[in-house]
Amino acid sequence: MSGIKVGAGGEAGGDALPEGWAWATVGDVLIAPIANGRSVRTEDGGFPVLRLTALRSDKVDLAERKEGEWTADEAAPFLVRANDFLICRGSGSLDLVGRGALVPEAPDPVAFPDTMIRVRVPVEYMSPRFFTRLWASPLVREQVEAAARTTAGIYKVSQPAVRELRIPVPPTAEQHRIAAALDTRMARLDEIEAKLSAVLNHLDVLQNSTMAAAATGLLDPEAAVPASAPTSPDVDHGDSSLPALAEGWSWSRLADIAEVVGGVTKDSKRQSDEELPEVPYLRVANAQRARLDLSQVTKIRVPAKTLFKLRLENGDLLLTEGGDRDKLGRGWIWEDQIKDCIHQNHLFRARIQHGITQPKLLAWYTNSAARGWFESNAKQSVNLASISMSKVRNLPVPIPPQAEQFAAVATGERSLRHLTALAKRTHQARTHTASLRRALLAEAFSGRLVPQDPADEPAEDLLKRIRVERESAEAERKGARKAARSRAKTATPSPPVRTDDTTLADGEQTALPLEFNS
């Protein structure tokens with residue numbers, strides 16, 4: 001490898017680059033101007049336009065498109081072509097704003113919207129794949145997040161911010177070598193991560209089936225015998241497809257074995273009353289599938305009688321009342337993690353009476369075998385589903401013989417502990433592959449991934465040629481605009497419309513402005 005020197009940009013940041021490399025800004029490596037897309041309404045049968053979801057990976061998904069209310073002529077300045085690089089202009093998540101993707105091939109005619117910025121690198125000087133990998137590196141990502149501005153909870157990145165991003169520029173030939181090496185290594189990491197994700201999905205299925213088996217006494221498959229559903233004046237949806245139970249187990253209704261109540265509704269007027277006690281309370285976000293996430297627990301002011309009524313006790317089961325249909329009824333057991341904690345009205349609390357069953361057996365059941373019952377009995381409104389307290393109280397629940405409760409819990413815990421350990425190691429492996437990915441990018445863009453070739457054209461010379469071509473192109477564009485303005489001034493004006501030739505009704509316009517909105 002060649003010796004190291006400080007590239008263009010001098011000592012700024014104390015960054016050293018290999019011989020032949022140079023520091024530059026994104027604007028320094030471009031000839032064509034950076035362009036924003038155009039706002040356009042959706043219209044069936046209109047001209048195709050990409051959705052923002054097309055930028056999910058490092059390659060633009062050209063199938064992620066809709067139809068916009070514009071003509072082919074109006075969309076022409078915003079058409080994308082092979083090797084265009086598209087950037088997300090705004091997002092509610094800082095992790096997503098500024099994410100970029102490369103158009104991998106010449107597409108059918110499709111435009112890009114105002115939610116994106118288009119960058120066209122000069123392919124004769126810059127490798128598009130190199131630029132794409134560089135854009136995903138921590139070096140660029142940290143600058144993008146630092147440059148993002150937020151308005152009303154939306155993070156945005158601007159054209160000027162993109163132009164000023166500082167990047168290392170290797171010789172063109174080395175760019176291609178780096179891109180090829182990264183593509184090979186990243187493909188291996190992609191394959192590993194896909195296998196790890198498949199393992200996690202499989203473990204999730206195993207965990208679900210294990211909870212269901214433990215909650216019905218069937219971790220020993222030979223113990224399964226048919227068991228009829230509990231009687232009810234109104235048979236609920238899903239009762240006909242209840243799972244089998246172990247011999248000696250029986251069905252009951254949740255209301256027959258537990259006290260089920262709703263939670264507190266937040267009253268904004270009371271929150272300024274300092275005489276009311278302020279206590280922690282759980283929200284839907286805290287009740288996850290078979291676990292409680294207590295990393296963020298908010299507080300609320302309530303009267304003392306409300307605290308007395310809703311204070312959680314060890315063994316209380318919390319169940320979600322609303323949200324996505326497949327997440328209804330999820331939750332877990334309260335184990336006195338926080339003193340004087342209550343719960344909001346979008347969570348139900350089930351408190352088992354007289355030790356009829358063990359809380360973990362009930363919780364395993366509601367998080368696994370009962371999921372289909374919750375979905376069948378839910379109500380859907382627009383984007384959210386919900387289930388009423390009366391329905392939840394009517395939930396069929398399996399009841400074990402008293403003598404088998406503790407053994408059933410111990411067996412379930414033992415099986416689930418092994419699955420949890422496997423899932424933890426798999427998550428650690430995925431974290432390690434992400435670290436490898438970041439390290440690989442750091443090596444690539446500091447010049448340590450592939451060897452340098454002294455015969456390559458230095459990046460300084462490359463940047464000079466780009467600058468000359470950019471200035472020439474800018475001069476041509478200015479000349480064209482000047483000529484267009486000149487032609488407009490000398491054009492023969494249209495004759496005025498005679499009032500007696502018009503047939504417009506009072507108040508009717510002779511022209512309507514075109515509107516392009518998101």
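The values are calculated or read from the model by the stated rules, or taken from the named source; none is laboratory data. Since the model is a prediction, treat every value here as computed from it, not as a measurement. In this analysis, Cβ positions are derived from the backbone assuming ideal geometry, glycine residues included, and neighbour counts consider all displayed protein chains.
For segment 247-298, which positions are of a type in the set (Ser, Thr, Tyr) and free of Cβ contacts under 8 Å to residues at least 60 places away in the same chain?
Answer for segment 247-298, where residues must be of a type in the set (Ser, Thr, Tyr) and free of Cβ contacts under 8 Å to residues at least 60 places away in the same chain: 268, 272, 295, 298.
Which residues, taken from segment 346-366, are part of a loop (DSSP other than H, G, I, E, B) and within 38 Å of the chain's Cα centre (by Cα)? Full working, then the answer.
Taking segment 346-366 as the starting set, the residues that turn out to be part of a loop (DSSP other than H, G, I, E, B) are 346, 353-358.
Once the filter is applied, which keeps residues that are part of a loop (DSSP other than H, G, I, E, B) and within 38 Å of the chain's Cα centre (by Cα), segment 346-366 yields 346, 358.
State which residue pairs qualify: first residue acidic (Asp, Glu) and inside segment 438-451, second residue at pLDDT 95 or above in any location, beta carbons under 7 Å apart, and separation of 6 or more residues or different chains.
Every condition considered, the pairs that remain are 443/449.
Of a type in the set (Asp, Glu), modelled with pLDDT under 95 and surrounded by fewer than 19 Cβ atoms within 10 Å (Cβ to Cβ): which single residue out of 61, 44 fits that description?
44
Confirm whether residue 241 is farther than 23 Å from residue 345 by Cα and either of a type in the set (Gly, Ala, Ser) or at pLDDT below 70 (or both).
On the way: farther than 23 Å from residue 345 by Cα: yes; either of a type in the set (Gly, Ala, Ser) or at pLDDT below 70 (or both): yes.
Against the criterion (farther than 23 Å from residue 345 by Cα and either of a type in the set (Gly, Ala, Ser) or at pLDDT below 70 (or both)), residue 241 qualifies.
Hey, among the residues in segment 62-88 that are under 25 Å from the mean Cα position of the chain (by Cα) and free of Cβ contacts under 8 Å to residues at least 24 places away in the same chain, which one's nearest to residue 153 (Cα to Cα)?
Per the criteria, the residue is 64.
Restricting attention to segment 249-289, report how many residues are more than 31 Å from the chain's Cα centre (by Cα), closer than 14 Å to residue 299 by Cβ and in a strand (DSSP E or B).
Residues meeting the conditions: 2.
Would you check which residues across segment 311-341 are over 15 Å from residue 287 (Cβ atoms) and out of contact with any helix residue (DSSP H, G or I) (no Cβ under 8 Å at 6 or more places or on another chain) and list them?
311, 313, 314, 336, 339 - these are the residues of segment 311-341 that are over 15 Å from residue 287 (Cβ atoms) and out of contact with any helix residue (DSSP H, G or I) (no Cβ under 8 Å at 6 or more places or on another chain).
If you go through segment 489-518, how many residues are part of a helix (DSSP H, G or I) and either modelled with pLDDT of 80 or more or among the hydroxyl-bearing types (Ser, Thr, Tyr) (or both)?
2
Results for (1) of a type in the set (Asp, Glu); (2) at positive phi; (3) crowded, with 16+ Cβ neighbours inside 10 Å; (4) touching a Pro at 6+ places or on another chain (Cβ under 8 Å), shown as yes or no for each residue.
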| residue | (1), (2), (3), (4) |
| --- | --- |
| 159 | no, no, yes, no |
| 162 | no, no, yes, no |
| 170 | no, no, yes, yes |
| 188 | no, no, no, no |
| 192 | no, no, no, no |
| 208 | no, no, yes, no |
| 212 | no, no, yes, yes |
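For segment 373-398, what are the residues that are within 25 Å of residue 413 (Cα to Cα) and touching a helix residue (DSSP H, G or I) at 6+ places or on another chain (Cβ under 7 Å)?
Hits for segment 373-398 are 395, 396, 397, 398.
Which of the residues that make up segment 89-103 are touching a residue at least 60 places away in the same chain (Cβ under 8 Å) and closer than 19 Å to residue 65 by Cα?
89, 90, 91
Within segment 182-203, can you find the residues that are free of Cβ contacts under 8 Å to residues at least 24 places away in the same chain and under 25 Å from the mean Cα position of the chain (by Cα)?
187, 188, 190, 191, 194, 195, 198, 201, 202 - these are the residues of segment 182-203 that are free of Cβ contacts under 8 Å to residues at least 24 places away in the same chain and under 25 Å from the mean Cα position of the chain (by Cα).
Considering segment 375-387 alone, what residues qualify as being touching a residue at least 60 places away in the same chain (Cβ under 8 Å) and either buried (at least 23 other Cβ atoms within 10 Å of the Cβ) or β-branched (Val, Ile, Thr) (or both)?
Within segment 375-387, just 387 meets the criteria.
Inspect all residues belonging to segment 312-319 and state whether any of them is free of Cβ contacts under 8 Å to residues at least 60 places away in the same chain, of a type in the set (S, T, N, Q) and surrounded by fewer than 18 Cβ atoms within 10 Å (Cβ to Cβ).
yes
Is one or more of the residues making up segment 330-339 more than 16 Å from residue 291 (Cα to Cα) and outside any strand (DSSP E or B)?
Taking every residue of segment 330-339 in turn, at least one turns out to be more than 16 Å from residue 291 (Cα to Cα) and outside any strand (DSSP E or B).
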